[in-house]
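The values are calculated or read from the model by the stated rules, or taken from the named source; none is laboratory data. These numbers were taken from a predicted model, which means no experiment stands behind them. For neighbour counting, all protein chains shown are included, and Cβ atoms are generated from backbone atoms with ideal geometry for every residue, glycine included. Ligands, DNA and RNA are stripped out before the accessible areas are found, and what is left, the full protein with its side chains, is counted by its heavy atoms. Shrake-Rupley method; radii C 1.70, N 1.55, O 1.52, S 1.80 Å.
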Amino acid sequence: MKRILLSAFALSTVMTFAQQYGGMWIPTEVNEKEMKELGMKISAKDIFDPTKASIKDAVVQFDGGCTAEIISGKGLLLTNHHCGYDNIQSHSTVENDLLTNGFWAKDMNGELPNPGVTVDFITDIKEVTKDILAGTDNLSGADLSKKINDNIDAYKKAQKIESYQTISVRPMYYGNKYYAFVIETYKDIRLVGAPPSSIGKYGSDTDNWVWPRHTGDFSMFRIYADKNNKPAEYSKDNIPYTPKHFLPISIKDKKEDDFTFVFGFPGRTTEYLPAIAVEKIMLETDPAMIAVRDIALKTLDEKMRVDPATKIKYASKYARVANYWKKWIGEVEGLKKSNAVEKKKQYEQMLISKNPGIKTTIDQLTQKYNEQAPYNLHRAYYSEIVRNSDTFTLAGLFNNYIQSYEAGKMDAKNIDALKARLADIYKDYDAELDAKVTAKILALYANKTEAKFLPKDFDQLKNETRNLGMMDNVSKISMITGRTKDDNNVAKNMDKLFADQKTLVENLKKDPLIQMFGAFKTSYLETTDKQVTALQTDIDALQKKFMAQQMETDKDRKFFPDANSTLRVTYGKVRGSNPRDAVTYGYQTHLAGVMEKYIPGDYEFDLPKKLINLYNTKDYGIYKDKTGDVPVNFTATNHTTGGNSGSPALDANGNLIGLNFDRQWEGTMSDINYDPRLCRNIMVDTKYILFVIDKYADAKWLINEMKIVK
Ligand code: ARG
Ligand code: GLU
């Protein structure tokens with residue numbers, strides 16, 4: 001025991017200088033001194049300078065979720081395969097499945113438009129706490145929120161911005177600070193290239209979140225602009241965007257301990273929760289969400305394995321559901337293994353010893369989180385049931401529609417938006433299969449939920465076999481599932497039915513599934529949602545206080561604000577890890593390792609013939625490293641999370657060396673408790689990306705656009 005502790009201690013002291021608690025820094029506030037000590041050769045201004053071209057001008061938020069970066073003077077964008085997945089899928093048919101075959105435009109004319117896809121540049125960041133918190137000292141609850149919202153509106157109105165810019169004001173440190181971001185949104189984004197899934201998603205769900213990894217998780221798009229290089233809706237007359245900066249691509253060999261930083265849009269972390277909240281996630285809400293998805297995934301998989309059309313239809317949905325299912329499993333294990341709750345408790349004791357007043361805050365938080373726990377657990381089940389049942393998702397949309405219609409709120413624009421959303425769901429919807437999923441997860445729900453939360457008659461749903469018959473029958477007569485043949489089938493007659501809304505609403509109100517969902521939702525809102533929200537208002541106020549107290553009391557620690565989808569920089573070193581006793585992970589994988597995993601014909605580990613040929617003939621060109629093999633993926637100590645997918649990993653000089661796409665499983669608890677021993681981000685090596693583009697796809701015209709640093 002002592003030995004293990006000692007070695008963990010030795011490791012952690014080695015790491016203390018670099019982000020002991022992790023760190024996702026606001027780009028205007030990076031610790032330049034520490035970054036330089038770790039090896040950075042450029043300055044903080046080279047990373048983010050609002051007044052002149054800097055690396056920020058090459059980093060964008062991709063379609064509101066992932067990150068992407070510009071890698072040529074003609075607006076060529078690099079992001080992950082899994083970030084472009086929906087778009088690659090939507091250009092696919094059974095005859096020409098771009099997911100299976102890959103896609104490479106022959107020239108710019110061959111690039112494929114993606115209506116609705118956007119990218120956001122951040123051109124300026126300012127701390128605006130004084131403006132936003134002015135006059136809020138004596139306010140609380142709803143008055144406080146209202147004043148803050150008014151201040152935000154007033155701040156935005158007072159700024160002079162261009163027509164193509166917007167401002168977003170975001171709270172940091174639980175509302176102790178506020179920051180304003182100036183955003184420029186480009187709207188004509190075209191698909192340029194993607195490897196087949198057997199490269200871009202190699203290892204699929206088995207290898208997802210896992211190191212050692214061998215995935216070429218990249219795809220390429222291009223930003224188009226109007227003739228003045230400004231944002232514009234799609235037009236064939238638009239021209240490739242000329243960026244203020246683009247990232248040179250390094251194909252130099254990497255060494256362990258090389259400095260690296262990742263620049264992107266991490267989505268959400270909760271690093272400053274009290275022990276009690278971490279315990280509830282670990283023991284209650286994560287396991288509930290995992291249990292629902294266990295069932296949903298198994299049910300989908302049974303059909304996807306035997307039916308190719310279902311496999312294409314459900315590929316994206318399945319991957320999305322499986323992704324967080326697996327992440328939560330890793331998170332629970334990692335929280336246990338890193339002793340997160342115990343560590344938090346010790347930290348709280350340390351804070352109390354320095355500042356006894358903190359005890360009251362922690363006690364109040366403990367009481368509120370305990371009070372909220374049963375409601376949170378029910379909420380976890382409820383929301384996972386709705387999310388994993390397309391039938392209920394549809395019923396939910398129709399339910400809202402009925403209410404909006406009756407409130408007189410359905411104008412033409414709202415109807416178009418609803419129709420688009422419905423079409424999107426129906427496109428990848430198999431009503432029979434979904435009825436099965438719904439029946440099974442409802443049985444789990446009815447069995448696991450306290451009687452006081454169950455709507456009337458819902459305990460009848462405890463029997464799975466009975467549910468299967470019931471859901472199958474009901475979905476055959478429901479007008480919203482697309483299984484009836486008559487004129488009332490919404491999936492097949494959407495335009496016609498929406499032309500007479502009065503009749504449509506009358507019929508929808510009689511639909512058995514909408515009625516069932518309505519009862520389910522009403523009961524959830526009454527028994528749970530209200531309570532969760534009320535308690536959350538109290539918790540938010542206490543978390544704000546607790547955050548401020550941590551920052552005042554723990555003077556040695558450098559605090560960063562939790563991720564909230566705003567632009568951040570994280571830095572660290574290229575490094576492997578020691579996830580278990582006697583187990584050491586190297587920092588880099590190679591093409592030989594891709595081949596070791598190869599299983600001909602397998603749905604996760606098959607490989608394209610051409611890649612195997614390149615391996616057999618060792619046709620690696622300039623893309624091999626000193627081992628003579630092509631490096632594929634590597635790990636580093638950067639603190640990343642969902643949303644950092646597609647983020648550039650840069651070297652000491654600001655050259656692109658990798659494309660972030662994942663974390664290792666043992667470290668996925670870094671969203672709640674970063675542990676320098678276990679947490680690693682996973683990137684695709686730029687050499688592998690260029691190798692695939694050049695040697696596999698023969699897309700030399702793209703290589704020629706790039707600036708390659710040898
Ligand atoms: N785990 C990575 C992330 O959170 C990759 C997910 C996509 N890949 C997959 N096999 N589902 O997004
Ligand atoms: N794959 C994740 C994403 O889509 C990034 C991995 C992570 O959560 O760290 O953003």
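Values computed for the structure shown
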item: Charge dipole (debye, nearest 20) of segment 477-582; +1 at Cβ of Lys and Arg, -1 at Cβ of Asp and Glu; result: 440
item: Contact order normalised by residue count of the chain, Cα under 8 Å, 6+ apart, percent; result: 24
item: Local electrostatic count at I42 - Lys and Arg +1, Asp and Glu -1, tallied over other residues with Cβ under 10 Å; result: 0
item: Pairwise FRET efficiency - K33 versus L468, Cβ, R0 = 51 Å, nearest 0.05; result: 0.20
item: Spin-label model distance (nm) - N653 vs K126, 7 Å beyond Cα toward Cβ; result: 3.6
item: Distance violations [Cα-Cα > 25 Å] among K343/K544; K313/K695; K343/K555; K313/K492; K74/K317; result: K313/K695; K74/K317
item: Under Karplus coefficients 6.51, -1.76 and 1.60, residue-wise ³J(HN,Hα) of segment 487-495 in Hz, glycine/proline x; result: 5, 7, 7, 5, 4, 9, 10, 3, 4
item: Shape call, segment 234-390: gyration tensor on alpha carbons, a/c limit 1.5; result: oblate
item: Rounded percent of accessible protein surface that carbon and sulfur make up, segment 606-710, 1.4 Å probe; result: 50
item: Overall form of the chain per C-alpha gyration tensor (a/c, 1.5; a/b vs b/c); result: rounded
item: Residue-wise HN-Hα coupling along segment 569-579, computed from phi with Karplus coefficients 6.51, -1.76, 1.60 (Hz; x: Gly, Pro); result: 10, 10, 9, x, 10, 5, 6, x, 7, 10, x
item: Residue (of A158, A439, Q588) at the positive-pole extreme of the chain, dipole from beta-carbon charges; result: Q588
item: Cα gyration tensor category, rounded, prolate or oblate, for segment 156-253 with a/c compared to 1.5; result: oblate
item: For G482, distant residues with modelled amide H under 5 Å away; result: V490, A491
item: Separation of alpha-carbon centers, segment 36-68 and segment 111-175, rounded to whole Å; result: 21
item: Segment K255-K236, extension gain: residue separation times 0.36 nm, minus the distance between their alpha carbons; result: 2.3 nm
item: Whole-percent carbon and sulfur share, accessible surface of segment 309-410, 1.4 Å; result: 52
item: Solvent exposure ordering (accessible area, 1.4 Å, most first) of D258, D137, D188; result: D137, D258, D188
item: Label-point separation, A319 to Q346 (7 Å along Cα→Cβ), nm; result: 4.1
item: Computed accessible area, V474, all protein chains, 1.4 angstrom probe, square angstrom; result: 30
item: Segment K336-T393, extension gain: residue separation times 0.36 nm, minus the distance between their alpha carbons; result: 17.1 nm
item: Assigned charges on the beta-carbon of Lys, Arg, Asp, Glu; segment 509-632 dipole about Cα centre (debye); result: 320
item: Within straight-line cross-link reach of K597, lysines at Cα separation under 16 Å, skipping those fewer than 8 residues along the same chain; result: K201, K609
item: Unpartnered cysteines - no second Cys beta carbon under 4.7 Å - across the chain; result: C679
item: For V632, residues with placed amide H under 5 Å, excluding near neighbours; result: T589, H590, L591
item: Extension gain (nm, one decimal) between D500 and D606, 0.36 nm per residue minus Cα-Cα; result: 33.1 nm
item: Around G22: net Lys/Arg minus Asp/Glu count, Cβ-Cβ under 10 Å; result: -3
item: Accessible area of the chain divided out per residue, in Å², using a probe of 1.4 angstrom; result: 42
item: N507/T584 FRET efficiency (R0 45 Å; Cβ-Cβ; nearest 0.05); result: 0.10
item: Spacing of the two label points (7 Å from each Cα toward its C-beta) at A534 and S565, in nm; result: 2.9
item: HN-Hα J in Hz across segment 392-401 - Karplus 6.51, -1.76, 1.60, θ = phi - 60°, x for Gly and Pro; result: 6, 4, 4, 4, x, 5, 5, 4, 4, 4
item: Lys, Arg +1 and Asp, Glu -1 on Cβ, resulting dipole of segment 223-372 about Cα centre, debye, nearest 20; result: 320
item: Signed unit charges on C-beta, dipole axis of the chain, positive-most listed residue M516, G84, S168; result: S168
item: Estimated FRET transfer efficiency when R0 is 25 angstrom, pair K298-V94 (beta carbons, to 0.05); result: 0.50
item: Structure-based [θ]222 nm, the chain - -39500 (n - 2.57) summed over DSSP H runs of at least 4, per residue, nearest 500; result: -14000 deg cm²/dmol
item: Carbon and sulfur %, accessible surface of segment 153-242 computed with the full protein complex present, 1.4 Å; result: 50
